[in-house]
Structure formats: C-alpha cells, structure tokens
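Undergrad: Dropping a structure here in structure tokens format, bear with me for questions.
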Amino acid sequence: MSRLPFRRVAAASVLTLLTALPVAAESLADAMVSAYRHSPLMDQNRAVLRAADEDVAQAVSTLRPVLDWAATHRLSSGGVNSTSFGLEAQITLYDWGRSQLDIDAKKELVLATRESLVDVEQQVLLESVRSFFDVRSSAEQVELQQNSVRVLQQEQQAAQDRFDVGEITLTDVSLANAQLASSRASLAAAQGSLEIAREGYRAATGGAPGALAAPPPLPSLPESLAAARGIGQRNHPTMKQVQHQAAAAELGVASAKAERNPRLTGSLSAGIARQSSRQAPDDYVTGRNAEASVTLSQRLYSGGQLSSVLRQQMARRDEARALLLNAARQIDLAVGQSWANIDVARAQIVAINQQISAAQQAYDGVREEATLGARTTLDVLDAEQSLLEARANKIDAEANLQLAHYQLLSAMGLLTVENLQLGIPTYDPSEYYNAVRDAPFTSRQGENLDRVLRALGKSN
C-alpha cells in the first residue's frame, strides 16, 4: 500500500469521484454535499454559534454607557401636582480588567462553539457516508438473494424432474422446496433492509437515493497508527473545543478573583420638573437640574458569595482540564478502533475471497456429482448455501472496509467539506461574529447585519 500524504490522498479520492463517475449516478460526494446542505442539525448548531457570538456583543456592551429616561407625574392630597422628566447616563470607567476578562472568556467560548459546529459537520458527513454504503450493500444483498432464488428454482425443478423419473425420493423434493422457501424469505428480509437503508439515506441527506455509483478509491492511511493518532490530537474539533473551554475556565477563575477589585463609575443626569396647583392651574413653576458624578466603590462583604463563586470557577477549571485529558484519550481510542476495523475488514475480505473460490469449486463439483447420482439433493443445497453465505459476507466486509476508512477520517478530524475539497461554498462562522462583535446598534450597522443574516440564510 502506498503511503502518500493523507490529506492530499483523501482529497484526490473524492475529486476522482466527482470527475470520473457517470452523471446519472449519485456519488458518495453527492451524498455528503446533500447532507451538508440540508441538515437541520447543522442549522441548529449554526444558530447555537450565533447565540454564542451575541454573548461577546453583550460582554462588550458592559463597557458602554447606559442611558435611561424616566417620566413621573405625581398627585398630592394638598392639591399640588408635579411632572418631571429626566435622563441619566452611567458608564464603567475602570474595573481593573473585570469586564475585559469576561469578554475574553466569551471569545474563547465562541471558538469552542465553532469547533463544536465542525464536530457536528463530521457527524453529518459520516452519517451520509454510512447511509450511502448501507444502501449499496443492501441493494447488493437483494441482488444476491434474487439470484439465489433463481438458482434454487432451477434446483427445485431439477429435483422434481428426477423424482418424476424415480431417481430420487419425495424427501429430496421436499428439501428443495424448503430451501427455496427459505431463500424467498431471505429475499423478503433483504428487500426490507434495503427499504430501511433508503429511509436512512433520506434522513441523512434530505432526499431519496437514486442509482448509486461505485465508491471512490480508498484513501491511503497515514504511515502508522501513531501518526494517525498524532493527526487526531492536532486536528480533531473536539480536542480544539475543550482546549478553548479550558482557556475560558482559566479566565473564569481570574474574573472571579477580579470581582473583589474596586469599580470606578461615572454618571450624568439631567431633568426638568413642573409644579402646579388645583387653585391656580395656570400658574406653574418649572425647574431644571443637571449633575455629574464619579463613584469609586468596592464590595467589602458579600455573605460568602464571592468566595463561593471563586471556588465554583476553580471547580469548573478542574472539570475543563479533566475533559481535555478525556478528549485526548477518546480520540486515541476512536483512531485505534477505526485502524483496527480497517485491518480486520481487509483480512476478512482476503479470507472470504478464498472461501468463495473454494465454495464455488465445491458447489460445481457437488452439483456435477449429483447428476451422476453420487451426491444427494441435500448435498447440493448445502453447497449452494455455503457459497451464498460467503458472497453475502463479502458484501458486508467490503462495506465495512469503506466505512472504516471514513470513520478514521472522522477520528482524525479530517472528515469536513474543506478537507475533502467537495467544491461547494461552506458556512463562514466568522461572518456573523464580525457583524455583531462590537454590539452594533446604529441603523447602518443594523442594515449590514440584516445583509449578513440574509446571506447566511441562503448559504444554509
């Protein structure tokens, strides 16, 4: 087996699939593209990412002024009425890095959510691959069982003819009838499995399968299992996700410590008030006021809340560190299992090919001997059944081998539209983030955001 660079070979395999197959047949790449474009799970997690983007905007907004207005009308028992209107603006001037730590933590969570979206993309593509091979192998099983029914019909007719001339007994005819009925039952089961596989394909890709093309050449493996695990540790989105979550947890601890720091705030207020009485409603007194202030404050005692929050953030940091270690182990496990599945499927195919060759020779020999009276009908049926089972096992083994390669791609974090070079526009997670990260509020920024939302809607 050649040892070409893995990314290049994986991409080349898919490109070969795109360019070399008949237009009428649905390729594996077509299935993956349809899954990517029509997955509601992808749409759901894109919305989750946009919500995380808004967390950054909300954190940024805490450093901006807050402007409130209030209008009050008072009625008193003494007959003096008053009406007032006021504006008040407040802003945090300095909080010793508290708000910036929160902003940085939210940014890390955005990056973690982006990696979660990539992981969902891998799941969606892998499910489309699985459904593609399920349909193909199920269709091959139906064809195999149909051929078996045809062969057994011939065997049954031959047994009946031999019985009619007195060469064999009624028991031999009954055995042939029973085997034919069993084969028809297996055909019905295979047809049912094919319908189930077609429904799985519809769920995975958003459309029913047509004629499916042959799968592309298998991607070449990395040089070794250790190399594959190294790729997984560097590229798998789950690993990157928990790394960002761990960074956010570290910032959470720093933010909890910063809650004990002072806070410097500024405020500006202006108002107008008008008073009048029932006895002289046309006589009123109007007053105006404006004031500005700067306040430095610090919480001295919180009933243990600040200490509890700090301990909580430290526990979450420990949780994130443990998740990081567990993610590394799970990635190694997934890569190792996929690698082993490839080896097992290859060995099975080699052995099954030998089994088929031997079973075919045995079937041909037993059938020839049966015509000479040296073998019974049962011997022929047993030989035919052994050959059928070997061919059915080969179909499953070949499908398992194909799937295992794509499972390995997924375990290494390479089963994405970008890495496979499927040649379609992909969702840009930074587009919405760039539109909202500064907490837009003006009409021009709002118009830009509307354009982004429309573009995202078209690209989904």
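Throughout, read-outs are computed from the coordinates displayed, never taken from laboratory work. None of these values were measured; they are calculated from a predicted model. Neighbour counts run over all protein chains shown; Cβ positions are idealised from the backbone, glycine included.
Undergrad: Compute the longest continuous run of the chain that contains no exposed trypsin sites (Lys or Arg not before Pro); treat a site as exposed when its DSSP state is not H, G, I, E or B and it has at most 13 other Cβ atoms within 10 Å.
TA: So the longest stretch without any such site is 4-277.
Undergrad: Which whole-number percentage describes the relative contact order of the chain, with Cα contacts under 8 Å and a sequence gap of 6 or more?
TA: 26 percent
Undergrad: Tell me, in nm to one decimal, what length is gained between Asp43 and Lys257 on full extension, where the rule is 0.36 nm per residue of separation less the Cα-Cα distance?
TA: Roughly 73.3 nm would be gained on extension.
Undergrad: A further question on this structure: With a Förster radius of 45 Å, plug the Cβ-Cβ distance of Ala203 and Arg311 into 1/(1 + (r/R0)^6) and report the FRET value to the nearest 0.05.
TA: For R0 = 45 Å, the calculated efficiency reads 0.50.
Undergrad: Another question about this same structure. Only sites in a loop by DSSP and with at most 15 other Cβ atoms within 10 Å count here; which chymotrypsin sites (Phe, Trp or Tyr not before Pro) in the stretch 20-105 make the cut?
TA: Trp96
Undergrad: Go ahead and estimate [θ] at 222 nm for the chain from helices alone: -39,500 (n - 2.57) per DSSP H run with n ≥ 4, summed, over the residue count, rounded to 500.
TA: It lands at -24500 deg cm²/dmol.
Undergrad: Something else: Rank these for me by crowding, Leu225, Leu49, going from fewest to most other beta carbons within 10 Å.
TA: With the sparsest Cβ surroundings first, the list reads Leu225, Leu49.
Undergrad: Using alpha-carbon pairs under 8 Å, 6+ residues apart, how would you state the relative contact order of the stretch 129-265 in percent?
TA: Across the stretch 129-265, relative contact order equals 26 percent.
Undergrad: Now for a different question. Normalised by the number of residues in the stretch 190-292, what is the relative contact order in percent for Cα pairs under 8 Å and 6+ residues apart?
TA: Reported relative contact order: 13 percent.
Undergrad: When a/c reaches 1.5 or more, the comparison of a/b and b/c decides; with that in mind, is the stretch 333-383 rounded, prolate or oblate per its Cα gyration tensor?
TA: Cα axes put the stretch 333-383 in the prolate bin.
Undergrad: Of the listed values [x] 1.02; [y] 0.96; [z] 1.59, grab the one calculated as Cα Rg over 2.2 N^0.38 Å from the structure here.
TA: [z]
Undergrad: For Lys107, which aspartates and glutamates qualify as cross-link partners when the Cα separation must be under 15 Å and same-chain residues fewer than eight apart are set aside?
TA: Leaving aside aspartates and glutamates fewer than 8 places away in the same chain, those within reach of Lys107 are Asp53, Glu54, Asp55, Glu115, Glu250, Glu431, Asp438.
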